[in-house]
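Asks: Here's a structure for you.
FYI, it's all coordinate maths here, none of it is from the lab. Model, not experiment: these values are computed from the prediction. Cβ atoms come from the backbone with ideal geometry, glycine included; neighbour counts cover every protein chain shown.
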Amino acid sequence: MERLNNAYALLIGVKDDKLDTLIDAKGIYDMLVDENLSAYHPDNIIFLSGEETTRKHILDAFDKLQQMTNEDSSVFLYYTGHGGYGLGEYFIQPYGIVGSPAEAVRNSWVSASELKEKLNGLKSKRLIFFLDCCHAEGMTKGGFFNQKEEIKSKSGITLSAKSSEVADGLGQKIDNERGVSIISSCREDQLSYQPTGQNSIFTKCLIDAVQGKNKSEFKDPFIRIYEVLSYLQEEVPKIAMQGGKAQNPYVNLQLYDNFVLSYVPKEIRKKLSIQTSEKSEDKSSKELKEVVTSYRETESSNNLLLFVHGFSGEAADTFGIIPELLMKDERMNGWDMKPMGYSPNVDPEFGKDIWGGIKDIDKISKYLAKSFRYKFDKYDRIAIVAHSLGGLIAQKAIINSNEELRSKISHLILLGTPNYGIEAAQLTKLWNNKYKELSSTGDFIVSLRNEWDSIFKNKYPFKLKVAAAIDDEYVDIASSFGSFPKEYCEIVAGNHSSMVKPKDEFNDSYNLIVNTLTNNTFYNQYTNSEEINIALGKYDAVIKKLLPNANALDINGLRQLVFSLEGADRKDEALELITNHSLAKDNGDLFGIIGGRYKRSYLLNHKIEDAQQAIDYYMKGLTVALKDNNLSQIYYQAINLAFLSIVAKNNETEMLKYANQALEAANACRNNLWKYATIAEANLYLDNMDVAKEYYTKAAEMSGIREKISMHTNAYKAYTCLMDTDNPNDDFIKFLHTSFLS
């Protein structure tokens with residue numbers, strides 16, 4: 001039997017007459033060494049229990065673990081016993097603490113800062129620390145204590161009911177921000193429950209997860225950390241609720257990657273004939289992106305600027321050079337700056353799609369709220385810059401905080417956030433209801449808005465700005481702005497992704513951020529006023545300005561004027577202009593640009609008139625391209641017509657005609673990203689799925705995140721319309737997810 005030779009564990013079960021810690025710690029040990037299950041090598045496990053769990057033995061065990069492991073090791077840390085708080089410190093309570101008051105035993109406990117120092121000494125970035133503890137004697141054999149009573153630990157240290165905050169506080173204070181994922185058995189105002197003579201429910205669920213009992217499908221021979229964490233967060237509350245109790249595990253987000261924790265049970269591997277090569281399944285830490293946990297941090301700063309990303313991004317990458325620009329601005333001296341969110345090596349619930357699930361939003365918002373209380377407790381002011389769903393997370397975290405913590409929030413900037421959700425019809429049509437919880441009428445959005453309005457009533461104790469991007473292909477302006485008063489709302493150039501990735505400081509998104517943070521007035525300087533009016537539907541203002549000088553317009557001005565005429569229902573004038581204008585005549589690209597704008601509008605709002613406008617312009621563009629034999633324009637216009645034929649009109653005959661036309665033109669062109677994407681999409685429509693996969697793979701290898709999301713949107717929507725399925729286990733849907741969203 002092959003063992004996980006580079007997997008290590010340190011298990012600590014502190015002796016206590018009133019806590020049955022040995023049954024839990026021994027249960028974890030037996031599971032890890034069982035060659036039919038986890039298959040850890042016994043020599044790789046340090047097991048402390050009973051009278052061995054003194055302060056010295058615990059600290060020495062960490063030193064020994066440091067000598068045993070390297071940067072590619074995975075490390076399983078488990079502690080069961082008491083957590084405590086005293087003299088301004090969080091600590092775990094070793095065996096042998098005697099005496100009172102707290103000052104007398106300070107040198108006997110192991111503080112969170114000492115544990116953090118020991119974690120920093122470990123080379124491995126694949127660390128998981130399970131804390132099955134709560135305050136005082138919360139895990140007694142009888143179950144839960146009355147939280148209104150004072151509780152005395154065996155040491156005689158008195159801890160009030162407020163000490164129930166120990167689990168969260170201890171977890172966050174141990175967090176070294178180097179990729180250690182810490183999960184504690186319960187949250188604030190809760191106890192960790194252990195039925196008499198049995199494993200605690202937290203440890204039982206942990207054992208079940210590592211044994212793969214929560215899985216119905218096995219794709220590889222390993223149990224990975226992310227699925228274990230997800231199971232604990234879902235299952236522990238269910239079991240506690242069955243006993244009429246409340247227990248919700250807390251988990252931080254600093255997970256380096258979704259590393260292997262154990263093998264799946266041996267009988268399953270045999271049954272499925274799964275290969276068990278540890279090296280072939282786990283990347284070296286050198287191949288993984290470094291997790292950036294701070295842009296700037298000093299001991300003296302009492303102000304924090306926190307960047308919260310959406311699910312299409314990564315903690316340290318979403319905002320491009322914005323943190324760098326802010327650090328160069330002297331007005332931002334005295335501000336620490338940190339990213340907050342998933343690391344680049346871990347996917348949220350639905351993968352790195354433009355949206356995530358409500359469960360992900362809930363997890364991160366609770367983590368952020370706890371961070372306000374514990375992790376960032378040294379800061380007097382906290383400013384938040386949030387993008388996309390990160391804005392919903394920030395709002396939910398603020399709602400979940402008490403008034404004292406809310407008073408620390410100094411600025412909130414929401415960029416491209418679906419504050420009023422997405423129209424239910426759009427979610428159904430575009431993503432087959434995949435994200436129905438984010439519907440504008442869904443419980444989550446309705447509840448969020450009601451709670452927010454009830455607390456603030458449009459009177460905010462912090463500086464607020466809400467920004468929408470002109471060309472946002474996912475969040476429309478109405479959802480971004482919602483019912484926020486006009487003085488808080490701004491429009492900037494760009495699309496959903498580019499609005500937070502400026503090339504330099506001469507950009508309205510950046511200036512909106514820096515002026516808001518420095519309490520200065522923001523003015524649009526770099527966003528075209530006509531584009532803003534078009535985005536707001538003020539077509540008459542654009543027409544009034546541009547139409548008298550139509551002959552002198554450049555190509556961008558002409559596009560704005562044509563689109564405004566269309567929007568004002570002056571279609572004949574728009575067609576005459578685009579037919580006779582010197583820049584528009586025989587310009588198939590202009591037809592495509594305007595068609596693309598209507599297509600994006602259709603995908604946002606799903607109005608059939610937008611789809612028909614897009615089709616009309618693409619057809620005009622295709623006519624010009626065929627006349628000029630412009631092959632790249634032919635395949636561009638034709639593939640968009642194929643897409644709209646099936647998605648908007650459900651006309652397979654038209655779809656096949658345009659797909660063949662696009663394929664023929666693309667095959668005659670020079671190789672590039674969009675040629676490959678077109679060939680792939682055309683073959684999807686022609687039911688040549690192996691060829692489609694081949695060319696989508698080529699396109700994905702050449703693409704950035706924006707291009708990948710665009711290709712996935714088209715391919716996923718077209719495929720689900722054709723096949724009438726959004727089953728995530730469908731082979732082609734899984735292929736698209738792996739190619740573009742992982």
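Asks: Applying 1/(1 + (r/R0)^6) with R0 = 45 Å to the Cβ-Cβ distance of GLU51 and ASN333, what FRET efficiency is obtained, to the nearest 0.05?
Replies: So, using R0 = 45 Å, E works out to roughly 0.30.
Asks: OK, next. Work out the FRET efficiency for ASN650 and ASP34 from their Cβ-Cβ distance, taking R0 = 60 Å, and round it to the nearest 0.05.
Replies: So the FRET efficiency works out to roughly 0.65.
Asks: In addition: Within 10 Å of each residue's Cβ, count the other Cβ atoms and sort ILE608, ILE470 from fewest upward.
Replies: ILE608, ILE470
Asks: Computed over the Cα atoms of segment 1-96, what is the ratio Rg over Rh, Rh following Kirkwood?
Replies: Checking Rg against Rh, the ratio lands at 1.01.
Asks: Any chance you could run the full-extension gain for ASN556 through VAL292? It's 0.36 nm times the residue separation minus the Cα-Cα distance, nm to one decimal.
Replies: Fully extending the segment from ASN556 to VAL292 adds 91.1 nm.
Asks: Report the calculated FRET efficiency for GLN242 and GLU299 (r = Cβ-Cβ distance, R0 = 35 Å), to the nearest 0.05.
Replies: Approximately 0.15, to the nearest 0.05.
Asks: Same structure, new question: Once you have the Cα-Cα distance between ALA478 and TYR523, take 0.36 nm times their residue separation minus that, and quote the gain in nm to one decimal.
Replies: Result: 14.1 nm gained on full extension.
Asks: Here's something else I'd like to know. Can you give me the long-range amide H partners of TYR295? Hydrogens built in the peptide plane at 1.01 Å from N, cutoff under 5 Å, separation of 5 or more residues or another chain.
Replies: Distant-sequence amide H within range of TYR295: MET337, LYS338.
Asks: Further, regarding this structure: Based on alpha-carbon centroids, what's the gap between segment 4-61 and segment 616-640 in Å, whole number please?
Replies: 68 Å
Asks: In whole Hz and in residue order, list the ³J(HN,Hα) couplings for segment 719-724 that follow from phi through the Karplus curve 6.51 cos²θ - 1.76 cosθ + 1.60, θ = phi - 60°; x for Gly and Pro.
Replies: Using θ = phi - 60°, the values come out as 5, 5, 5, 5, 9, 6 Hz.
Asks: Length gain on complete extension for the stretch CYS669 to ASP572, per 0.36 nm per residue less the alpha carbon to alpha carbon distance?
Replies: Once the chain is fully extended between CYS669 and ASP572, it gains 31.4 nm.
Asks: Which of the residue pairs LYS370/LYS457; LYS116/LYS338; LYS620/LYS649; LYS366/LYS717 have a Cα-Cα distance greater than 26 Å in the structure shown?
Replies: LYS366/LYS717
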